[in-house]
Amino acid sequence: MIIYNVTTKISNDIHNEWLLWLKEEHIPDIINTGCFTHAVILQLLDTDDTEGPTYAIQYHTKNKELYYNYINGFAAIMRQKSFDKWGDRFISFRTLMHIVG
């Protein structure tokens with residue numbers, strides 16, 4: 001199992017609206033690409049939330065081929081949709097992980 005992890009810090013002024021959008025629109029759009037089986041939303045604890053909370057969204061996929069299908073076919077579109085909606089009121093970084101045990 002491969003996990004595509006997107007860690008995002010959200011501005012306080014959009015936090016609630018962003019979280020609703022994430023659950024109701026963004027994650028379903030990504031799952032509907034067929035590249036991932038499901039996603040888990042995690043909120044980071046023990047971090048400086050002065051400027052806003054930080055979340056990790058973990059998208060689970062069966063293999064790297066499906067991950068690369070997403071990266072090559074859908075990632076740019078999904079990222080652009082996020083920027084079009086939220087502008088510079090968030091910052092994200094991405095990591096790819098493998099479940100060991």
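The values are calculated or read from the model by the stated rules, or taken from the named source; none is laboratory data. Owing to the predicted nature of the structure, the values given are computational and were not obtained by experimental measurement. Here the Cβ positions follow ideal geometry from the backbone for every residue, glycine too, while neighbour counts run over all protein chains shown.
Brief remarks on what is shown
- Among the residues listed as Gln80, Gln43, Gln58, the single one being loosely packed, with under 12 Cβ neighbours inside 10 Å and in contact with a strand residue (DSSP E or B) (Cβ under 6 Å, 6 or more places away or on another chain): Gln43
- Residue within the range 20-27 that is loosely packed, with under 12 Cβ neighbours inside 10 Å and more than 12 Å from the chain's Cα centre (by Cα) present: yes
- The set of residues in the range 90-101 that are over 14 Å from Asn5 (Cα atoms) and under 15 Å from the mean Cα position of the chain (by Cα) contains only Phe90.
- Hits in the range 58-101 (condition: polar (S, T, N, Q) and in a strand (DSSP E or B)): Gln58, Thr61, Ser92, Thr95
- Taking the criterion of being within 24 Å of Lys62 (Cβ to Cβ), of a type outside the set (A, V, I, L, M, F, W, C) and more than 12 Å from the chain's Cα centre (by Cα), the residues of the range 72-89 that qualify are Asn72, Gly73.
- Residue check: Asp88 meets all listed conditions (1) modelled with pLDDT of 95 or more; (2) out of contact with any helix residue (DSSP H, G or I) (no Cβ under 9 Å at 6 or more places or on another chain) but one, namely (1).
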